[in-house]
Amino acid sequence: MYPLNQLRSLIPRCFFLSLLLPLSFFIFLSLKSTTFLNKPTLKIRPGYTSYDNYIHHQLHKTTNPKLRQIWTTRDWDRKIRVFSQFFSDLKDKKLISNSSKSLCVGARVGQEVEALKRVGVWDSIGLDLVPYPPLVIRGDFHYQPFDDETFDFEFSNVFDHALYPEKFVGEIQRTLKVDGVCVLHVALRRRSDKYSANDLYSVEPLVKLFDGSDFVYSRRVDGFGLDTEVVFRKRKPIQRS
């Protein structure tokens, strides 16, 4: 038993502690929330001294003979099967049709282009730094070699390889027709490989970049290391100054 005088001194201390602990917890949560809110949601990776250096780095993967052998043999049918499922789902949602003129951005050897053709979207082509005829033509996705409002549909799973995301998205919006649809597969919950030029942590930066388009939806997918599908529809023509 505590003497009465000690009990009297303990009561204010306990009361003070009962106020201090919730206050400390509230401050901790506030600091944690502030840190989360200030975390960049789209971060460009450092290390590229020039655009030529960036292109050289990307070509190191794209021209790798072992990888190209894998892409055209072991991975070929598997990727076409999975891409066909994605595109069939988009057809069911009326986002593409057999008459859609379509572009796959960063298509490598063109599995996604072949998948579009197999589900009936015959007027489809791919774009990549290294061509793979007849499915993929040569081109830089930062500077698409197409006229304004050429395509009804554009698909890409290489947003993470864009050194200049605003140019990547700007070229898609430029070459899409009004009411055209863009579908991106991106990684939000895992980091991409060493050839990625940016890291994306939420959908919000994409919504801001697609300033001439309406956000349609996003959903979880399993797309060869990419976990999120994001869909936009172009709402207005590009304004030229």
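The values are calculated or read from the model by the stated rules, or taken from the named source; none is laboratory data. Because the structure is a prediction, the values reported are computed rather than measured. No Cβ is skipped: glycine too gets one built from the backbone with ideal geometry, and neighbour counts run over all protein chains shown. The accessibility values were calculated without ligands, DNA or RNA, using every heavy atom of the protein model including side chains. Shrake-Rupley method; radii C 1.70, N 1.55, O 1.52, S 1.80 Å.
Some observations on this one:
- Distant-in-sequence amide H partners of residue 180 (H built 1.01 Å from N, under 5 Å): 234
- Formal net charge of residues neighbouring residue 130 (Cβ-Cβ distance under 13 Å; K, R +1; D, E -1): +2
- Computed with every protein chain present, the accessible area of residue 51 is close to 50 Å² [probe 1.4 Å].
- Set of aspartates and glutamates with alpha-carbon distance to residue 79 below 13 Å, sequence-local pairs under 8 removed: 112, 114, 222
- Amide H within-cut-off set for residue 136, under 5 Å, with H built and near neighbours excluded: 126
- Fraction of alpha-carbon pairs over 19 Å apart in region 58-234 - percent: 53
- Phi angles across region 97-111 convert, under the Karplus curve 6.51 cos²θ - 1.76 cosθ + 1.60 with θ = phi - 60°, into 3J(HN,Hα) values of 9, 4, 8, 6, 7, 10, 10, 9, 8, x, 8, 6, 9, x, 4 Hz, Gly and Pro given as x.
- Surface share of carbon and sulfur [accessible, 1.4 angstrom probe, percent] for region 64-145: 54
- For region 65-136, the convex hull drawn through the C-alpha positions has a volume of 73 cubic angstrom per residue.
- Fraction of antiparallel bridges per DSSP, region 92-241 only, in percent to nearest 5: 50
- In order along region 204-211, the Karplus-derived 3J(HN,Hα) couplings, from 6.51 cos²θ - 1.76 cosθ + 1.60 at θ = phi - 60°, round to 4, x, 5, 4, 5, 5, 7, 6 Hz, and Gly and Pro are given as x.
- Residue 217-residue 143 FRET efficiency (beta carbon distance; Förster radius 30 Å; 0.05 resolution): 0.55
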